[in-house]
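Remarks on the structure that follows.
Readers should treat all values here as calculations from the given coordinates under stated rules, not as data from a laboratory. None of the values given here were measured: they were computed from a predicted structure. Cβ placement follows ideal geometry from the backbone for every residue including glycine, while neighbour counts extend to all protein chains displayed.
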């Protein structure tokens, strides 16, 4: 009985997976992208390991596009499940910068919540909140450079 039920469950899961979303992959169904990069600085100094997220607004098609700043504060966007860059359109920009108690920045990779790593958000909600960020960007067909000069003072 258990064996037959397991085979039936496996069959149902397999056939549901085949019916999927019309046979296209996620990358094929996402809109074309344009290259997007920039530099993030805080109080005039580049910040390392900040996560920059472009969240589509209004009629902009696509999904969030994310980049992480390097030693010089530079980021390059990639779609979460797709190509490099971002589709043309309007975006709310969210920048997160997590620091440990000793001031060491941590890179968020999704494997562990920042609080579990002993880190707190170092930026105010006007930059770091997915609902309250005041930062925006308009990506054209050509893409572009989007620098963000953040201030905490």
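By its C-alpha gyration tensor, with a ≥ b ≥ c as the square roots of the eigenvalues, how is region 28-150 shaped: rounded for a/c under 1.5, else prolate for a/b larger than b/c, else oblate?
Since a/c reaches 1.5 and a/b is larger than b/c, the shape of region 28-150 is classed as prolate.
Applying 0.36 nm per residue to the separation of residue 57 and residue 126 and subtracting their alpha-carbon distance, the gain on full extension is 23.2 nm.
Label zone of residue 100 (point 7 Å out along Cα→Cβ, amide N under 17 Å): in region 28-64 this covers 48-50. A simple spin-label model places pseudo-atoms 7 Å from Cα toward Cβ; at residue 84 and residue 136 they are separated by 2.9 nm.
Normalised by the number of residues in region 28-150, the average gap of Cα pairs under 8 Å and 6 or more apart makes the relative contact order 32 percent.
Maximal additional length on extending the residue 151-residue 117 stretch stands at 9.7 nm, based on 0.36 nm per residue less the C-alpha distance.
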